[in-house]
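Peer 1: Below you will find the structure I want to go over with you.
The values are calculated or read from the model by the stated rules, or taken from the named source; none is laboratory data. Here the structure is a predicted model, which is why all the values come from computation and not from measurement. Glycine gets a Cβ as well: all are built from the backbone with ideal geometry, and neighbour counts include every protein chain shown. Note: accessible area is taken over every heavy atom of the protein model, side chains too, but ligands, DNA and RNA are not part of it. Shrake-Rupley method; radii C 1.70, N 1.55, O 1.52, S 1.80 Å.
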Amino acid sequence: MRVKKIGIVSLSSGIMGENFIQHELNIGLERLKQYGIEVEFLPNALKGMEFIKNHPECRAQDLLTAFMDDSIDMILCAIGGEDTYRLLPYLFDNNELEKVVTQKIFLGFSDTTINHFMLHKVGIKTFYGQAFLPDVCELSKDMLPYTKQYFEELVTTGKIKEIRPSDVWYQEREDFSENAVGVEMCSYPNKGFELLKGQPIFKGKILGGCLESIYDIFDNARFEDTVSLCEKYNLFPKLEDWKGKILLLETSEEKTAPELFRKMINVLKVYGLFDVLTGVLVGKPQNETYYDEYKSILLEELSDKNVSIVYNVNVGHATPRCIIPFGVEAEVNVTEQVITFNY
């Protein structure tokens with residue numbers, strides 16, 4: 001299935017509508033045009049940070065509109081953010097989301113983790129790992145080759161067949177101004193998938209996302225109502241729903257300190273997640289910050305769990321990024337350094 005039309009939504013931050021990133025927007029639009037893809041910004045997507053922050057109901061409406069519009073075959077998130085959980089009442093109070101969803105491509109990462117859980121609730125398979133601004137609008141002369149390979153596969157076939165490690169990883173940009181257009185990113189050799197414990201081959205459907213976003217479902221440190229809202233709408237899947245699944249975890253650009261990382265892993269441990277999963281995939285930390293510390297914590301906290309843990313997957317907040325299908329049967333084979341998907 002070749003994508004003909006992409007609908008771009010701002011479900012978290014409204015930064016895409018700000019003038020200071022117009023040069024990034026133009027780059028991304030030009031690239032999508034080269035694929036022959038028609039692009040539609042949903043009505044509120046470009047209204048800027050203040051509006052988007054103050055109007056979660058408009059963000060929710062854009063998502064519903066994108067699903068209702070049969071001409072849109074892929075919904076692409078602009079970027080992440082921090083408060084997309086506020087869309088919950090507008091999507092679930094009267095089963096609004098359930099009434100309009102159809103199986104189409106939905107792609108985003110970071111805070112969009114919460115949207116993936118929303119769509120999982122209503123039976124939609126989604127794709128995790130890239131977004132419009134950080135990936136399609138990359139300031140280098142082209143999209144990063146590894147990132148581009150997966151994006152191209154998704155828009156030309158509607159699927160991702162397999163994931164292999166990237167040969168390199170990149171130091172993240174600090175300058176996103178017009179001066180940075182055409183400036184290539186510094187790259188370093190990448191190690192490949194690392195088996196921390198358990199069987200090197202395991203199967204299951206993948207679900208998960210950004211660890212910090214998942215933690216907010218259980219903890220009110222960031223916002224005072226995340227726990228109550230997520231509980232009210234049963235956002236986080238029940239334990240039986242996780243049985244036989246593979247959990248994806250990746251960490252954000254906040255570069256969470258090891259003590260807090262341990263606390264986050266423990267919240268999921270107490271929930272019972274690691275007692276029912278077949279495996280855990282862990283994304284490379286951005287800039288490899290706390291690479292060894294996170295690894296040690298995972299081994300210490302989960303040493304008694306009968307679960308495979310694979311580290312250093314190129315997904316989430318460290319570039320380059322693959323795309324991981326959620327809700328599709330996956331086989332992880334660390335020996336062969338490949339994750340394959342069976343549709």
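Peer 1: At a Förster radius of 41 Å, what calculated FRET efficiency corresponds to the Cβ-Cβ distance of residue 201 and residue 227, to the nearest 0.05? List each step's numbers first, then the result.
Peer 2: Working: r = 37 Å, r/R0 = 0.90.
My answer for the efficiency is 0.65.
Peer 1: Measure out, as a whole number of angstrom, how far apart the alpha-carbon centroids of segment 197-240 and segment 107-178 sit.
Peer 2: 20
Peer 1: Given a 1.4 Å probe and the protein chains all in place, what does the accessible area of residue 317 round to, in Å² to the nearest 10?
Peer 2: About 10 Å², ignoring ligands and nucleic acids.
Peer 1: Show 62, 69 ordered by accessible area, largest first, where the area counts protein heavy atoms only and the probe is 1.4 Å.
Peer 2: Numbers: 62 5, 69 45 Å².
Solvent-accessible surface, decreasing: 69, 62.
Peer 1: Rounded, prolate or oblate: pick one for the chain, where a ≥ b ≥ c are the square roots of the eigenvalues of its C-alpha gyration tensor, a/c under 1.5 means rounded, and failing that, prolate if a/b is larger than b/c, else oblate. Please report the intermediate quantities before stating the final value.
Peer 2: Numbers: a/c = 1.43, a/b = 1.17, b/c = 1.22.
The shape class here is rounded.
Peer 1: May I ask you to compute the full-extension gain from residue 336 to residue 289, defined as 0.36 nm times their residue separation minus their alpha-carbon distance, rounded to one decimal in nm? Can you show the working numbers first?
Peer 2: Values: separation 47, 0.36 × 47 = 16.92 nm, distance 2.66 nm.
Full extension from residue 336 to residue 289 adds 14.3 nm.
Peer 1: At 222 nm, what helix-only mean residue ellipticity would the chain give, in deg cm²/dmol to the nearest 500, using -39500 (n - 2.57) for each DSSP H run of four or more? Intermediate results must be reported in sequence, preceding the final value.
Peer 2: Details: 13 runs with 113 residues, N = 343.
Helix contribution divided over all residues of the chain: -9000 deg cm²/dmol.
Peer 1: Evaluate the Debye formula for segment 114-232 with equal point scatterers sitting on the alpha carbons, no solvent, and hand back log10 of I(q)/I(0) at q = 0.14, 0.20, 0.22 Å⁻¹, in q order, two decimals.
Peer 2: Evaluating at q = 0.14, 0.20, 0.22 Å⁻¹ gives log10 I(q)/I(0) of -0.91, -1.27, -1.30.
Peer 1: Tell me, how many Å apart are the Cα centres for segment 252-324 and for segment 1-71?
Peer 2: Distance between centres, Cα-based: 31 Å.
Peer 1: Using the structure shown, list the pairs from 47/125; 245/305; 159/205; 191/263 with a Cα-Cα distance above 20 Å, or answer none. Can you show the working numbers first?
Peer 2: Working: 47/125 28 Å; 245/305 15 Å; 159/205 15 Å; 191/263 27 Å.
Cα-Cα > 20 Å for 47/125; 191/263; rest within.
Peer 1: May I pose another question? Just check segment 1-77 against the gyration tensor rule for me: Cα atoms, a ≥ b ≥ c as the square roots of the eigenvalues, rounded for a/c under 1.5, and otherwise prolate or oblate depending on whether a/b exceeds b/c.
Peer 2: Details: a/c = 3.19, a/b = 1.21, b/c = 2.64.
Taking the square roots of the gyration eigenvalues as a ≥ b ≥ c, segment 1-77 is oblate.
Peer 1: Keeping all protein chains in place, calculate the accessible area per residue for the chain (probe 1.4 angstrom), answer in Å². Present the calculation step by step, with values, prior to reporting the outcome.
Peer 2: Working: 13820 Å² over 343 residues.
Spelled out: the 1.4 Å probe surface of the chain, per residue, equals 40 Å².
Peer 1: Let's test the formula: R0 of 45 Å, r as the Cβ-Cβ distance of residue 234 and residue 186. What FRET efficiency results, to the nearest 0.05?
Peer 2: Details: r = 44 Å, r/R0 = 0.97.
That pair, residue 234 with residue 186, gives E of 0.55.
Peer 1: What does the C-alpha gyration tensor say about the overall shape of segment 286-343? Classify as rounded when a/c is under 1.5, otherwise prolate if a/b is larger than b/c, or oblate. All intermediate terms of the calculation are to be shown ahead of the outcome.
Peer 2: On the way: a/c = 2.25, a/b = 1.25, b/c = 1.80.
Oblate, since a/c reaches 1.5 and b/c is not below a/b.
Peer 1: For the full complex of protein chains and a 1.4 angstrom probe, list 262, 59 by accessible area with the highest value first.
Peer 2: Values: 262 75, 59 0 Å².
From most accessible down to least: 262, 59.
Peer 1: Would you mind calculating the relative contact order of the chain from Cα pairs under 8 angstrom and at least 6 residues apart, reporting the percent as a whole number?
Peer 2: 19
Peer 1: Just read off the accessible area of residue 261 with the full protein assembly in place, 1.4 Å probe, to the nearest 10 Å².
Peer 2: Taking all protein chains as shown, residue 261 has close to 10 Å².
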